[in-house]
1. Looking at the range 461-471, which of the residues that are within 11 Å of the ligand (Cβ to nearest atom) and in contact with a strand residue (DSSP E or B) (Cβ under 8 Å, 6 or more places away or on another chain) is farthest from residue 333 (Cα to Cα)?
2. Yes or no: residue 373 in contact with a strand residue (DSSP E or B) (Cβ under 7 Å, 6 or more places away or on another chain) and either more than 9 Å from the ligand (Cβ to nearest atom) or part of a helix (DSSP H, G or I) (or both)?
3. Any chance the range 277-288 includes a residue that's touching a helix residue (DSSP H, G or I) at 6+ places or on another chain (Cβ under 6 Å), in contact (Cβ under 8 Å) with a residue 40 or more places away in the chain, within 16 Å of the ligand (Cβ to nearest atom) and part of a strand (DSSP E or B)?
4. Which one is nearest to the ligand (Cβ to nearest atom), of the residues in the range 330-342 that are modelled with pLDDT under 95 and buried (at least 23 other Cβ atoms within 10 Å of the Cβ)?
5. What number goes with the only condition from (1) without any contact (Cβ under 8 Å) to a residue 60 or more places away in the chain; (2) within 30 Å of the chain's Cα centre (by Cα); (3) surrounded by fewer than 17 Cβ atoms within 10 Å (Cβ to Cβ) that residue 556 does not pass?
6. Being crowded, with 24+ Cβ neighbours inside 10 Å and within 16 Å of the ligand (Cβ to nearest atom) is the filter here, so list the residues in the range 227-246 that pass it.
7. In the range 115-130, which residues are crowded, with 23+ Cβ neighbours inside 10 Å, touching a strand residue (DSSP E or B) at 6+ places or on another chain (Cβ under 7 Å) and either modelled with pLDDT under 95 or under 27 Å from residue 201 (Cβ atoms) (or both)?
8. Please determine, by comparing only the residues of the range 343-365 that are in a loop (DSSP other than H, G, I, E, B) and either out of contact with any strand residue (DSSP E or B) (no Cβ under 8 Å at 6 or more places or on another chain) or more than 8 Å from the ligand (Cβ to nearest atom) (or both), which one is farthest from residue 8 (Cα to Cα).
Ligand code: WT7
């Protein structure tokens, strides 16, 4: 018998799961939006303007705070400000479909710009503020980004003179503008906003037109640009209603940065499509700061990641006891496996179930979830969202019986499905090896009652502190260092971070293993790529195991490292 946690009885948006699963139809969701008659759509209109033009106009849409700022914006404020930014883009000649990237820390300006980009019909490309030059270059290069919004502090990491398509840079915040070059014109955000009209003729687009580009890592190759379209709003709206259970009085806090898909789908679109008050807290994680944030704003619905919950668990319950967390009514977790142990701890300290749910950059929105109205099995990701079919398939595309681990696949055609891998049709097609099914790259099983259980990745992708890192990117950076002949990177299980990055390195002749060199290599990745991509462990070896065709066998290194059986070694070179 598996232990279960009973469904929540108080007012919940979603009806009984089985009933909802049978009766639900995506088509009906469209009636909530203005475009079901015209066919023309714009996410920013549905998320902001629609509420600004209703009785919600003076409702707070955004509470923003960090160490320096503490501000609030109503739906009307956001409508007018994003109109202004849309006009800024139009004035400097940015057109529909062009890519406009955002590279800055969380701030109201980030959210306003992103909405303005959508209102202009352009495609937004949010970049995580911790990216270093290589990571920024790869993304701006691949997307042929035309414009960038950034800050003076981050500009040195943008190799703008070497990016031929990049022509316009808008700098947010204090400071002198750099000299314009032949190809680049610099603008000041504040000055341009001041000149811009608050009235904007919004760019109405087709539901299948591009909206946002999120780069994500695979086990090989450079990061891939995953394209989502305005149509995704159907899924963002309904999943935020039923999984996040957003209601009119809620103060909702999603801790994810918009550089990652959770920070846009459920940090921007889902909550605002539902007219919810959305809290954004800048700065870094600290248990005290987070609990104080919940207390101060009276957060009711809280979405975070297992790594954060595990860190909160590690500091001890006496910390949570110092804060008034009684406003909380619903907690969610996503991004990595949520251990049953953490769910039990959550029941103890928050007296609430932590609702695990599953999806990924490519799915654009929630696919499998634990619903408040459903019985929950701690350790399980839950059941497919109504209107979605998920299955465990074998290599030939046959469904496996309950309890067996296989490929977690989703029936193609859900509203927020990726529409393209930017400039890489071949990679896009690889997601659909079996006709009609999207292959996630995760392994999972489904039990007799229809609950899904996470098994691991089917490839070498690393999930560390809730962030997805491709081993290839880290390896490529390492081999740029003069001391490194070859490198292989794996994810090593870690009780707090899920996985940590471990690098195996073979040195070039003339270099010897020292502690200083190991530290130097770590910093080399940190400063060249991103802090979260830097290996926490580096092991220097005489040689790395390879296939006869010369491919480094990461799985063998991983097995050696963990003391596990290595499996089939027939392809390994002598
Ligand atoms: C990968 C996707 C969910 C959006 C943010 C991450 C892992 C995601 C869970 C979960 C176990 C999970 C998968 C997936 N993952 N949710 N509930 N339990 N693993 O998006 O960066 O595209 O990463 O995160 O391995 O493939 P992402």
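1. 470
2. no
3. No; the residues of the range 277-288 include none that is touching a helix residue (DSSP H, G or I) at 6+ places or on another chain (Cβ under 6 Å), in contact (Cβ under 8 Å) with a residue 40 or more places away in the chain, within 16 Å of the ligand (Cβ to nearest atom) and part of a strand (DSSP E or B).
4. 335
5. It fails just one condition, (3).
6. 228, 232, 235, 236, 239, 240, 243, 244
7. Those that are crowded, with 23+ Cβ neighbours inside 10 Å, touching a strand residue (DSSP E or B) at 6+ places or on another chain (Cβ under 7 Å) and either modelled with pLDDT under 95 or under 27 Å from residue 201 (Cβ atoms) (or both): 117, 118, 121, 122, 123, 124, 125, 126.
8. 364
The values are calculated or read from the model by the stated rules, or taken from the named source; none is laboratory data. It should be emphasised that the depicted structure is a prediction, and the values quoted were computed from it without experimental measurement. Every residue, glycine as well, gets a Cβ built from its backbone with ideal geometry; the counts of neighbours run over all protein chains shown.
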